[in-house]
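Colleague: Below is the structure I would like to discuss, written out as C-alpha cells.
Coordinate-derived values only; no laboratory data. The model shown is predicted, which means the values in this text are computed figures rather than measured ones. Cβ coordinates were reconstructed from backbone atoms using ideal geometry, including for glycine residues, and neighbour counts include every protein chain displayed.
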Amino acid sequence: MIEFQSVADVRRWVRAAREASRRVALVPTMGYLHEGHLSLVDEARRRADAVLMSVFVNPLQFGPTEDLSRYPRDLPRDRALAAGRGVDALFVPAVDTMYPPGSEIRVVPGPTAERWEGAARPGHFTGVLTVVAKLFHLVEPDIATFGRKDIQQAVLIRQMVRDLDWPLEIVVVPTVREPDGLALSSRNAYLDPASRRQALVLSGSLRAAHEAFARGERRAAGIAAAMRRVLEQEPAVPVDYVAIAEPVALTPVDVVDQHTVVAIAARVGGTRLIDNIILGQGLA
C-alpha cells in the first residue's frame, strides 16, 4: 500500500491508474477504522481495480461544542487494517492541505439537510459536503462507497452528485453490527461497559420497528409507538429524534412501506449515537 500526503501525489497515482485503464474507487473515512469501514473497502474492491482510502478528521463538520479534539485517532492501526484489507493507496492529508490558508468556499446543502441530523448539528452537512466535494475533485473516482449508518449523509452526497453532474457512482453499503445489534461506530470507543449496554436500546428500538412492520403495521405512528415502548426502558438515554421518512429526500411520511427509512439519534452517557434501518430489510 502506498501512502500520500500531497494532492499532487494523489493526482499522479490516479493518472497512472487511468492510463492503465483501471477503475478507481474512493473510500472516504475519518479513520479509527472498524469492520464497517472495511466493508466499504470490500465493496470498492468488488467494483473497481484500484482503491484509494482517505483518512482525514474533517474539522469543518464538527460544531464548536463537539468532539473534534478527542475524536479517536490511531493512524498506525488504520494503516495496518487498510493494507490488510487490500487498499492500494492511503491519502492522509494535513488540515492545511485540505483547507489552505484563506480557504473560504463551502458547499451548502438545501432543505434535505435542514431536518434530523442537520437540525441537531447546524453546519455539519456543509462541512461534510465540502470535504467530500474536494475529495471527488482531487481523485475523480469512478465510484465512491459510503456506509448506510450515516444515511442522511449518503442521501445528501447522492443529491450533490446529481446536482453537480459528477460522473461517478455512489454505493451505499449496509450497516455492520456487533453480534448483539449495536451498529459499529468509531465513537463506540467512548462507551464504558454500562453505557455500552445502554446503547443497545437504539438497535432494540429499530428491531421493534421492524417487527411491527413485519406484523402488518403500516402507520408511522404505530411504528414510532413500538419504538417508544423499547426506548422507555432506558430513561437515562435521551433521544434527539426518531425519523420515519421516505428514502430519497428523507421527507417524513404517515404511511410506511418496505423502502421507508427509520432512523434514531440518542445520547448515551456523553456520546451521541445514530442508527437506522430500512423497514423491508430489517436490522442491517
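Colleague: Which listed residue (Ile105, Ser205, Val7) has the Cα farthest towards the positive end of the charge dipole for the chain, taking +1 on Lys and Arg C-beta and -1 on Asp and Glu C-beta about the Cα centre?
Modeller: Among Ile105, Ser205, Val7, the one farthest towards the positive end of the dipole of the chain is Ser205.
Colleague: Here is a further query. Using θ = phi - 60° and the Karplus relation 6.51 cos²θ - 1.76 cosθ + 1.60, list the HN-Hα couplings for the stretch 56-62 in order, rounded to whole Hz, with x at every Gly or Pro.
Modeller: Each residue's phi maps through the Karplus curve to give 7, 7, 7, x, 5, 9, 9 Hz.
Colleague: Further question: When a/c reaches 1.5 or more, the comparison of a/b and b/c decides; with that in mind, is the stretch 158-268 rounded, prolate or oblate per its Cα gyration tensor? Numbers along the way, then the final one.
Modeller: On the way: a/c = 2.15, a/b = 1.25, b/c = 1.72.
Note, shape of the stretch 158-268 comes out oblate.
Colleague: What is the dipole size for the stretch 186-279, taken about its Cα centre, with +1 at each Lys and Arg Cβ and -1 at each Asp and Glu Cβ, in debye to the nearest 20? All intermediate terms of the calculation are to be shown ahead of the outcome.
Modeller: Numbers: 11 positive and 10 negative charges, 47 e Å.
Dipole magnitude for the stretch 186-279 comes out near 220 debye.
Colleague: Rank Leu52, Thr65, Gly127 by how far each Cα sits towards the positive end of the charge dipole of the chain (+1 on Lys, Arg Cβ; -1 on Asp, Glu Cβ) and give me just the farthest.
Modeller: Leu52
Colleague: Tabulate in residue order the Karplus-calculated ³J(HN,Hα) for the stretch 71-80, using 6.51 cos²θ - 1.76 cosθ + 1.60 with θ = phi - 60°, rounded to whole Hz; enter x for Gly and Pro.
Modeller: Those phi angles translate into 4, x, 9, 7, 5, x, 5, 4, 4, 5 Hz.
Colleague: To the nearest 20 Debye, how big is the dipole of the stretch 16-63 about its Cα centre, given +1 on the beta carbon of each Lys and Arg and -1 on that of each Asp and Glu? Walk me through the intermediate numbers first.
Modeller: Values: 6 positive and 5 negative charges, 39 e Å.
For this selection, approximately 180 debye.
Colleague: Could I ask something else about it? Where nothing but the Cβ of Lys and Arg (+1) and of Asp and Glu (-1) is charged, how large is the charge dipole of the chain around its Cα centre, in debye to the nearest 20?
Modeller: Details: 34 positive and 34 negative charges, 49 e Å.
Using only the charged Cβ atoms, the result is roughly 240 debye.
Colleague: OK, next. If you take semi-axes √(5λ) of the Cα gyration tensor in Å from the coordinates, which of (1) 35, 23, 19; (2) 37, 24, 19; (3) 33, 20, 19 do you get?
Modeller: Of the listed options (1) 35, 23, 19; (2) 37, 24, 19; (3) 33, 20, 19, (3) comes from this structure.
Colleague: Can you give the longest stretch of the chain with no exposed loop site, where a site means GluC sites (Glu not before Pro) in a DSSP loop (not H, G, I, E or B) with at most 16 other C-beta atoms within 10 Å? Walk me through the numbers on the way to the answer.
Modeller: Values: sites that count: Glu66, Glu104, Glu114, Glu232.
In short, 115-231.
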